[in-house]
1. What's the exposure ranking of A:640, A:340, A:871, going from fewest to most Cβ atoms within 10 Å?
2. Which angle from 0 to 90°, rounded to the nearest 10, does the C-alpha axis of helix A:190-212 make with the longest principal axis of chain A?
3. Going by C-beta contacts inside 10 Å, put A:51, A:257 in order with the fewest on the left.
4. Which trypsin sites (Lys or Arg not before Pro) in segment A:754-830 pass both tests, a DSSP loop state and at most 12 other beta-carbon atoms within 10 Å?
5. For the modelled label position 7 Å from the Cα of residue A:216 along Cα-to-Cβ, which residues of segment A:290-332 have backbone nitrogen atoms closer than 15 Å?
6. DSSP beta bridges in chain A, what fraction antiparallel, as a percent rounded to 5?
7. Using a basic spin-label model with each label point 7 Å from the Cα along Cα→Cβ, how many nm lie between residue A:401 and residue A:666?
8. I want to check the label-to-label distance for residue A:653 and residue A:640. Put each point 7 Å from Cα in the C-beta direction and report it in nm to one decimal.
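Any read-out appearing in this document is the output of simple, stated calculations on the displayed coordinates, not a laboratory observation. As the structure is a computational prediction, the values presented were derived from the model and not from experiment. So basically every Cβ, Gly included, is an ideal-geometry build from the backbone, and we count neighbours across all protein chains shown.
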Amino acid sequence: MTVLNLLIVVCLSYVVLLFAVAFGADRAARLGRGSWLRSPIVYTLSLSIYCTAWTFYGAVGFAARSGLEFVTIYLGPTLVMIGWWWTLRRLVRVGRSQRITSIADLISSRYGKSNLLAVLVTVLAVVATTPYIALQLQSVTLSFAAFAETDPTATTLPDMQSTALWVAVGLALFTILFGTRNLDANERHHGVVMAIAMEAVVKLCALLAVGVFVVWGLAGGVAGTLERIEASGISRFEVSGARWVGLTMLSAMALLCLPRMFQVMVVENEHEDHLRTAAWAFPGYLLLMSLFVLPIAALGLDLLPTGANPDLFVLTLPLMEGRDGLAILSFLGGFSSATSMVIVAAIALSTMVSNHVVMPLWLHYSGTVAMVSGDMRNVALMARRLSIAGVLFLGYVYFRISGGGTALAAIGLIAFVGVAQFLPALMGGLFWRGATRTGALAGISIGAAVWLYCLFLPSFGPEMIVPQSVFDHGLFGLSWLRPRALFGAEGMDPVIHALMWSMLLNLAAFILGSLLSFPLPLERLQGAQFVNAVEHSGTQAGWSGGMAQSEDLLIMAQRIMGAHEAQALFAAAARRQGVAGYLPEPGPDFIQELERALAGSVGAATAHAMIAQIVGGTAVSVSDLMAVADETAQIMEYSSRLEVQSQELARTARQLRQTNEMLTHISVQKDEFLSQISHELRTPMTSIRAFSEILRDTGDLGPEEQKKYAAIIHDESVRLTRLLDDLLDLSVLENGQVDLNIQSGSLTGLLDRAVRAAGGETGDFVIRRDRKAEQIELTTDLDRLAQVFINLISNAHKYCEAQPAVLTIRPEVNGTQLVVDFIDNGSGIPASKQAMIFEKFSRIGVSKAGGAGLGLAICREIMARLGGDISYLPGQKGAAFRVRLPLEIDGPASQQGRSKEIRSKETDSP
Amino acid sequence: MSPERLPVFLARRHYRRRRVADAARLLPLTGAILFCLPLVWKGSPEGASTVGAMLFVFGLWVVLVVLSAVIARHLRADETEHPARDGAAEERPDTS
């Protein structure tokens, strides 16, 4: 069996293995057994599609031509990955939270779900990626041809173009089979990811194996290798600073902007935390991939005949040494690099093309989309499959046209500059709230135009597309428009020249366009969400869902997501809303959720348009706009609102607690009052009953005794009546139903009356008065006030134990207030009892006189009615009471309100 | 508690975490500057050798990978960048 035949067998077996791995991974994921599929290592390995055949073959060629400069292509991504905290974290978070399906989807979502922008990005991505796919096809056919050349038995060289065609067809088949299993691009393509992870391992092993063979097999160790490099034509480090820095920057930008990188990095990302591993593992992978590039290049230059294609050194070195096994491994490595890149690029591009070009067109031409029956899912999937075939066909056509002549590295760099045009819009959208759709459109258009004119079209060579006269004298004969010397920048490297001008003009147009235009409300909302993705998620534009018909939405969703998934989504939403069945209320939240779900299938712009068709348009409320206008103000407002609310809650809780305490207290009081009153009523009743029984049953009572018993009964009845009168009085006073009889009079007269009524002065009871100070005119209910005074004087009389008891009455006018103190020389009231003396039925010690203990309670009520108060005055020699009241009471009308106020004050502080 | 009044003092753990995040931000900048260093060597009379530049670049590369791994170990992506906004519990003053 010849080497070529062996190669074909190995290659086919490898393809079968790839299909098996992809199939197995898909199956495991479907059965829920694929937790290892979601490991960060698989994620990191899937990122390795950055290393295409361009890396595998081209890096050595690059190094053979320009020495160490090749490494810039890997330094840029290294810097971006170790700086994941800046950008990638944000990118991945936005991508996951917004269910982004592609880079075009992200940019269009950010700028108000604009489909125009999505189309622009899609077209540019296709234009930039097609040559890249052609490059992969070319590398496979070249490496195949390299094998054929060394095979002496091969009579005819295989047709390069037919090889390319077979590779393209095989890749299309694989991609369609495993890349369009499900419509929701956010669902992971486990089969594809697993296959490319395996290919990543294969290509790394292959390159390392060749490197080890070269260093230890051919050059005789590390020292020998370094000597060979010193002796080779690339021993001098003669990299131009502009190219070194420029290419590093370019590759860094490309990592972020390449549609296929975006696909594996953001769309296929399983968990944000995987970035933490990729942050060091991916740079490590790149390091290993580039480790042996210079040695291979130096040895290739040394050992292989001049004129040998340096792009194929990786393959031709082992072949020349007769290491067929190693050569086949190397071929498999290159094959892996090429196929994994093409597969992912085709998936990424087909998603973009079908979501942003085919579906909108289809929606447009099929009329009233949402209502028509039929499964749109199949349409979308078919659109995606056709797009994959179309993208690969375009790559093949490009390969046929270009004829495979250009050096591999050149095409790669040209594509990089093309996709780098997304960067200002992408990063501006993630970090700058002020970036607008107009700015993004202007930036990408101008950048793309400069790229086409300065780099892409001239890359076909003079007279292919761009005439030689334009190269020499510029467009329309304007010398400052020469494609290789724009604005007179002569003598620059074409790639750096194009990169510089396209990025500068792109950035300028983006910033100017953003500054000068005014964003739509939806743009501003999306902008706020994207920019604040890491800090906190903001508000979304709310749909005015009232008009929407749930049933129409369900019909539409079924046609896009499939009946089962749509019904599950609707049923879950209905359950959450507490509605039975499959039709939830089409509230803004639900419609937003539905839009996100649809966006995962057909992209944000299309999903938005489809929902808008049914619902009728987004309602951006004033509060939404305010939220956008000033996020900080919003946060402040929100927190202050929270603060107010919590204060209010605390206040209410406090009030409730107080009320509760008061109610409990009142309830206790009421019980006490009832038991007290029963007791008070029972005592006289008992004696009345007893004496009346004696009168009734005892026949031989003398008139003296009869009179005595009758007198006792009478006295007890009087006491009972007095008690009931007092109770009634108190109840009337407490209910505020008392009518005041307002009169004017002097305090002296009033006091005279009170002293008289209280029994006057006796031998052992002296009242000291200051008659001069008593010349005060009062306007109040004099009768009631007298009642208070009588009570106080008789209390002193009753309770003061001093011999003789002396009561001092001391009036004083304090502004509009009259203050009258009643101070006796007794032992006073102990501090512990002072708080209680104004309560009903409270009596200090054993009662000497038969008071019911209502006197002071009545006094307190009366004073409250009169707009004043009565209080115990501590710190005097004996018991002291202070009566305060206004000299002139308010009118009866206000009196009523006042008394209520007083009552409420009293209940406030139990 | 207005958003302007972010706490001045953070618990030691949060303080450390923020400095690690700072380091994560600085690392690519440092790397970018250092990777440009070989350009300076071109100025010397005998020029720079590819081997020397290669050893430097790859050495630096290894260092960056290791540092990135160390930093990534200390940064959990699911914690937010501003722990102070998460709740009052995070605003405890640093007692140490």
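1. Values: A:640 12, A:340 31, A:871 15.
So the ranking, lowest neighbour count to highest, is A:640, A:871, A:340.
2. 50 degrees
3. Details: A:51 26, A:257 23.
Lowest to highest Cβ neighbour count: A:257, A:51.
4. Working: sites: A:756, A:768, A:769, A:771, A:772, A:784, A:798; in loops: A:771, A:772.
Filter output for segment A:754-830: A:771, A:772.
5. Inside the label zone: A:292.
6. Details: 28 of 34 bridges.
Beta bridges within chain A, antiparallel portion: roughly 80 percent.
7. It is 9.3 nm.
8. With each label point 7 Å from Cα toward Cβ, the separation is 2.4 nm.
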